[in-house]
Amino acid sequence: MAKYYGDLIFEKSVEGRKGYSLPVSPVKDYDMDENLLREEEADLPEVSEFDVVRHYTNVSFKNHGIEKGFYPLGSCTMKYNPKINLEVSKDPRFTSLHPYQPVETVQGILQIYYETQKMLAEISGLDTYSLNPYAGAHGEHVGLMIIRAYHEAKGDFKRTKIIVPDSAHGTNPASAAVAGFDVVEVKSNCEGDHCDGTVDIDHLKEVLDDEVAGIMLTNPNTVGMFEKDILEMAKLVHDAGGLLYYDGANLNPILGVARPGDMGFDITHINLHKTFSTPHGGGGPGSGPVGVTKELKPFLPAPVVRKAGDLYLVDGIGKDSIGQVSHFLGNINVVIKAYSYLRTIGKDNLRDIAKLSTLNANYVKESLKSHYKLPVQEICKHEFVFDGLKDNPHGLRALDVAKRLLDFDMHPPTVYFPLLYREAMMIEPPENESKQTLDAFIDIMKKIAEEAKEDPETLKKAPLTTPVRRLDEAQAARNPRVKFKDLLED
Ligand SMILES: Cc1ncc(COP(=O)(O)O)c(C=O)c1O
């Protein structure tokens, strides 16, 4: 077992071996309080520089990451994260700032914050933004609190329902429920078994009433379809006294082309850690700014950055604000990366992101539809969904295809989501991937489809080459055993 996982760094330890040499310190020894001292020497590995570098490089290769291979994970994928933005955000002139410094001494970072608010407002067609929330789901929760605050400020306490389409990302109904709303599902348009995820307007009319606080929509939706009736839907919801919330986690396909504000949305969140250049995974780092129309501005969380003359100021909690939702201004390091990204891409080139993400998705979709079932035939935006293998005599599942991709150093698509399809495989090839990479993915997906007919056992056993083989997914998520010792006990 130990070999399988590679040797531990502790097993490489040789007494007295060092990977560093320190100069003699000019600082005098300091006698620390006895009770602050260790009772025993720390048990640290004694290894050379080579040992350390090789060990951790090898460990890093055991994981799949955007730096190792293609990552077509629909909806949640890593988009383009140029390294330059990471470098900018690591500048000590940012990292050495303290949130309690007087505002006159942190004008630079406040300017970045303020200008990022402005750029996001312009991109999305809303009035202003708070960059405080830490993630998409956090932004959703904040947006829902704003919706409640807005209705309650008008003395309307009966609006307890939030409408969510059946194609919505799971965080939408979850955020609504956590915010204390009752979730009302609205159906997608379907022909037979095949639903395209767009909202069934007749059903929307049925579920709209004076208890509806708002609707949460993703547009383009999780099937990659644009809601062509969005203006009619916005009117219906507004006429019923509700607000429209836009899940802008994946803004790529509409950048510079369409704006939620122009579609009639009142609130949106944007995932800076997806569309705007922060590599994310395993829970962070993230930032889910929330944008609102002028009417909703007073309800934004605090603190708020504003400009007075030439000075940038930070305001505390206003009388109608929903309060504070993050430490200080939020995840400022992610904001710096987004700012740097937007500045380097430039306003006039944003549209290329939309064009390329849409082109890439359609290229992969069209190239693979002879091998995988494609429920929705129309042109998609940045992502699309297959419903399992087309020719599938051995009844292989989306999971088998996903696991087999790992053997080819490719990250699997999102599987079994959206819930509209039994064998959903949601594929998003981001804007910056080359035709050669897409072709390699297409070839491998075709090879896997052939294997499914001729050598089904290989697919059922896949992955065959990864450090950890097929896991019990539920146990791995609910009861993770990530310590080496735990693994050895197996
Ligand atoms: C459509 C959509 N909405 C919401 C979210 C939630 O974002 P986060 O993971 O930052 O909470 C995601 C991301 O996974 C998403 O793809």
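Readers should treat all values here as calculations from the given coordinates under stated rules, not as data from a laboratory. Because the structure is predicted, anything quoted here is derived from the model rather than measured. Cβ atoms come from the backbone with ideal geometry, glycine included; neighbour counts cover every protein chain shown.
Within a Cβ distance under 10 Å of THR278, other residues only, what is the Lys/Arg minus Asp/Glu net charge?
+3
Among PRO92, LEU8, GLY395, which residue has its Cα positioned farthest towards the positive end of the charge dipole of the chain, with +1 placed on the Cβ of Lys and Arg, -1 on the Cβ of Asp and Glu, and the dipole taken about the Cα centre?
PRO92
Give the percent of DSSP beta bridges with both residues in the chain that are antiparallel, rounded to the nearest 5.
60 percent
Can you list the lysines whose alpha carbon sits under 27 Å from that of LYS453, skipping same-chain ones fewer than 8 residues off?
Cα-Cα hits under 27 Å: LYS365, LYS369, LYS373, LYS390, LYS403, LYS461.
Run through all the Cα pairs of the chain and give the fraction in each 20 Å bin from 0, expressed as whole percent.
Distribution as computed: 21, 48, 27, 4, 0 percent.
Just to confirm my numbers, what's the Cα centroid distance between region 255-289 and region 85-129 in Å?
Region 255-289 and region 85-129 have Cα centres spaced 16 Å from each other.
Give the residues of region 406-435 whose amide nitrogen is closer than 17 Å to a point set 7 Å from the Cα of ALA474 in the direction of its Cβ.
Backbone N within reach: 416.
For each cysteine in the chain, check whether another cysteine's C-beta sits under 4.7 Å from its C-beta; list those where none does.
CYS76, CYS380
What is the sum of charges around PRO463, taking Lys and Arg as +1, Asp and Glu as -1, for the other residues whose C-beta is under 15 Å from the C-beta of PRO463?
Once all neighbours under 15 Å are counted, the net charge is +2.
Two-decimal Rg/Rh of region 29-88 from alpha-carbon positions, Kirkwood Rh?
That ratio is 1.24, to two decimals.
Let me spell out the model: positive unit charges on the Cβ of Lys and Arg, negative unit charges on the Cβ of Asp and Glu, origin at the Cα centre of the chain. What dipole size does that give, in debye rounded to 20?
Here the chain has a charge dipole of around 760 debye.
When the helix-only estimate is applied to the chain (DSSP H runs of n ≥ 4, each -39,500 (n - 2.57), divided by the residue count), what is the mean residue ellipticity at 222 nm, nearest 500 deg cm²/dmol?
Theoretical 222 nm ellipticity from helices: -10500 deg cm²/dmol.
How many nm separate the modelled label positions at PHE10 and LYS390, each set 7 Å beyond the Cα in the direction of the Cβ?
That separation, rounded to one decimal, is 5.4 nm.
Over the Cα atoms, compute the radius of gyration (one decimal) and Dmax (the largest Cα-Cα distance, rounded to a whole number) for region 351-478, in Å.
14.6, 45
Under 15 Å from the Cβ of ILE332, count the other residues' Cβ atoms, weight Lys and Arg +1, Asp and Glu -1, and hand me the total.
Value of the local net charge: +1.
On a 32 Å Cα-Cα criterion, which of the cross-link pairs LYS12/LYS274; LYS228/LYS297; LYS90/LYS381; LYS83/LYS381; LYS90/LYS347 come out too long?
The answer is LYS12/LYS274; LYS90/LYS381.
For region 9-61, what is the relative contact order in percent, using Cα pairs closer than 8 Å and at least 6 residues apart in sequence?
Over region 9-61, the number comes to 61 percent.
I need the fraction of alpha carbon pairs in region 9-61 separated by more than 12 Å, rounded to a whole percent.
When every Cα pair of region 9-61 is considered, 75 percent fall beyond 12 Å.
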